[in-house]
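Colleague: Please see the structure below; I have some questions.
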Amino acid sequence: MWVTEKQNCAHSCQAQNCAHSCHPYTTKAPGIDGIDNLLIKIIHKRFNNIFPTLFNKCLHLSCFPDSLKIGNIILFQKGGKDQRLASSYRPISLLPTIGKVLEKLMTQRLTYHLESTNILNDRQHGFREGKSVDTAINELLRNIKTARRDGKHVLVLSIDIKGAFDNLQHRAILKTLDASACPSNINRLFHSLLQNRKVTLLTPQGRATKEQKQGCPQGSCSGPAMRNLVANEILNQVWPDNVHIQAFADDFVLVIKADTKKSLVEDTQSAITQFSSWCSENELAISIEKTNYILFSKMVRSPKITWNGYKINRVKSFKYLGIHVDDRLNWLEHINKQGEKAIKMQQNLKIIAGGNWGISQIHRWTLYKTVIERILAHGSSAWCLNPTFKMKRKLSSIQRPFLLHISGAYRTTPTAALQTILGIPPLHMQLQIEARFTSIYRLRIPLPPFITDTQPHDMEMKATGWSTHPSEHLKPTQISLEDGEAYIARKDIINIFTDGSKTEHGVGAAFCVLTNDIWAYQWSAKLNDNNTVFQAELTALHEAVIYASHLPNHNTSNIHVDNRASIMASSN
């Protein structure tokens, strides 16, 4: 546990907490100091008090060491951009690994505070557990369809902020951080994090170093949380009832609905003025060229929308989070774009595999299922829940070249035969299944009875966020994968045995308590028939823990579980 203002020493489980945070991928590039993640893990395993002591001291002093704030800049050229222009490169900041671990611990605590106190606006969908592209696009479409069903004119304004990563002012971050009522020790540490930052870049003339007074480094752990904090300010502002605003990180969308063209223009301009004022306060600039609007209406003439005197272009479709939304919501534009992307992917596949050479068929099949199909399925809950005949035919034409390439069959072979031989279902059916599952499980949207009788409440909701403070972990002595038979005969220990099972009669969970060779207590429950054995095992373990937590403090209890997966899940 980290020390707080009311604590003067580290808790004994602190080392375990540090170990949890020192498990990044060992293949990540190191910072300018050359210390990589593998070395961090080796050091912590051999000397498990070094990092907890360092990090607690940093928190106690509210000091983020300057040597851990130096970012080594690596430039990646953007595809199809002029290499002579600085704007054609995407800078990636490689930070010292020790600093990233410390920053991760800080960010976990900040996120826990923001989520547990419901400070972040529910219309922010980026970099949050339980939120995703699916929730963002679903909320956008729901607002559009509701307004159109009510006979309103609907204007959707897509706003692009210039260099949101690079131009975010530290002053704006610290202002919103102070307003969030974050614990003072974490607040001061973030203030220290943003002071005396430097970036270095290797040039033909030698290494150049410069102070960084704005922006969130691309590659930092706290960058997404900081951007969400600043964006939260505009989301929490009071907006008219006919204006809806939502964000995915720094991608903002405004949905304005009105009865007449005149009121639509006035309300849109008013919303732009409000958003522009927030941008000015935080020294953010809007890219007029990339900002556009789409109209869902039967208006003959397009309304004239301006931003600081510059005209905003109307488009027939716009790309939102990788999904092309068109003004008819028939999704043919999106599928056509996906088809163009699929052609490029198939050409790349041909480079590594020909008709009788290259990678084997099973590897081609795996590449299709795990890479190509995943790319094509992006956001399918929005556009492939009920595909039309045109959509099915287009998706079939996208899938066919891959089937031919995987199987090596003649080009005259029917598509249905290829799907049967390879065990790959038609693409529209695969995407439709995933769209329906996402709607029920993630979005909690019920489907019509003729599709399925499974309702959202029949499916377990995935837990999100932190149920306890990030510093609280099980002690190493609290969990063991060894056989617990030696403890059963001891008279000074209360033994609790759990079990979960599933038979043709249903699913059940139970536990019983053994004290001095006497069955002192037992509990059992019948679960829903849709529940799994794993869920039954976890339910029994959960109830056993609740029972044990109410025992007198002087009693020692052991909970015996015969399911290793349940033990591992409970220890995370």
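Colleague: Kindly rank 394-402, 72-80 from highest to lowest mean number of other beta carbons found within 10 Å of each residue. Walk me through the intermediate numbers first.
Modeller: Working: 394-402: 19.9, 72-80: 12.7.
Ranked by mean Cβ neighbours within 10 Å, highest first: 394-402, 72-80.
Colleague: Please work out how much accessible surface His469 shows to a 1.4 Å probe, ignoring ligands, DNA and RNA, in Å² rounded to 10.
Modeller: His469 has an accessible surface of roughly 60 Å² with all protein chains in place.
Colleague: Out of the DSSP beta bridges found with both residues in the chain, what percent are antiparallel (nearest 5)? Could the numbers behind the result be given before it?
Modeller: On the way: 57 of 68 bridges.
In the chain, DSSP labels about 85 percent of beta bridges as antiparallel.
Colleague: Please list Tyr487, Tyr112 from largest to smallest accessible area, probe radius 1.4 Å, with all protein chains kept in place.
Modeller: Largest accessible area first, the list is Tyr487, Tyr112.
Colleague: Further question: Under the rule of at least 5 residues apart or a separate chain, name every residue whose amide H is placed under 5 Å from the amide H of Thr515.
Modeller: Distant-sequence amide H within range of Thr515: Ala520.
Colleague: List the aspartates and glutamates whose Cα lies under 12 Å from the Cα of Lys198, skipping any in the same chain that are fewer than 8 positions away.
Modeller: Asp66, Glu211
Colleague: Would you check the accessible area of Trp357, probe 1.4 Å, heavy atoms only, in square angstrom rounded to 10?
Modeller: 130
Colleague: Something else now. Could you work out the relative contact order of the chain, using alpha carbon pairs under 8 angstrom and six or more residues apart, expressed as a whole percent?
Modeller: 12
Colleague: Hey, another quick one. Can you compute the charge dipole magnitude of the range 186-301 about its Cα centre, using +1 on each Lys and Arg Cβ and -1 on each Asp and Glu Cβ, nothing else charged? Give it in debye, rounded to the nearest 20.
Modeller: 420
Colleague: Would you rank Glu233, Glu460 by solvent-accessible area, highest first, keeping every protein chain in place and using a 1.4 Å probe?
Modeller: Solvent-accessible surface, decreasing: Glu460, Glu233.
Colleague: Here's a follow-up. What full-extension length gain, to one decimal in nm, is calculated for Phe76 and Ile362 as 0.36 nm per residue of separation minus the Cα-Cα distance?
Modeller: 99.6 nm
Colleague: Given a 1.4 Å probe and heavy atoms of the protein chains only, how would you sort Glu482, Glu434, largest accessible area at the top?
Modeller: Details: Glu482 150, Glu434 40 Å².
Reading off the accessible areas and sorting them downward yields Glu482, Glu434.
Colleague: For the range 332-445, what is the convex hull volume of the alpha-carbon atoms per residue, in Å³?
Modeller: 98
Colleague: Largest first, please: the extent of the C-alpha atoms of the range 494-571 along each principal axis, to the nearest Å.
Modeller: Projected onto the principal axes, the Cα atoms of the range 494-571 cover 40, 26, 18 Å.
Colleague: Take the cross-link list Lys162/Lys350; Lys100/Lys337; Lys57/Lys162; Lys257/Lys311 and give me the ones stretching past 27 Å between alpha-carbons.
Modeller: Distance filter (> 27 Å) returns Lys162/Lys350; Lys100/Lys337; Lys57/Lys162.
Colleague: What are the aspartates and glutamates whose alpha-carbon lies under 20 Å from the alpha-carbon of Lys526, with same-chain residues fewer than 8 places away excluded?
Modeller: Here the aspartates and glutamates satisfying the reach criterion relative to Lys526 are Asp458, Glu460, Asp499, Glu504, Glu537, Glu543, Asp562.
Colleague: Ignoring ligands and nucleic acids, what accessible area does Glu289 show with a 1.4 Å probe (Å², nearest 10)?
Modeller: My reading of the accessible area for Glu289 is about 140 Å².
Colleague: Right, next: Quantify how much of the Cα-Cα distance distribution of the chain extends past 43 Å, in percent.
Modeller: Values: 58578 of 163306 pairs.
Looking at the chain, the distances longer than 43 Å represent 36 percent of pairs.
Colleague: To the nearest 20 Debye, how big is the dipole of the range 494-571 about its Cα centre, given +1 on the beta carbon of each Lys and Arg and -1 on that of each Asp and Glu?
Modeller: Computed about the Cα centre, the dipole is about 120 debye.
The values are calculated or read from the model by the stated rules, or taken from the named source; none is laboratory data. All figures in this text were calculated on a predicted structure; none of them were measured in a lab. Neighbour counts are summed over all protein chains in view; Cβ atoms, including those assigned to glycine, are modelled from backbone coordinates with ideal geometry. These area figures cover heavy atoms from the full protein model, side chains too; ligands, DNA and RNA do not enter into them. Shrake-Rupley method; radii C 1.70, N 1.55, O 1.52, S 1.80 Å.
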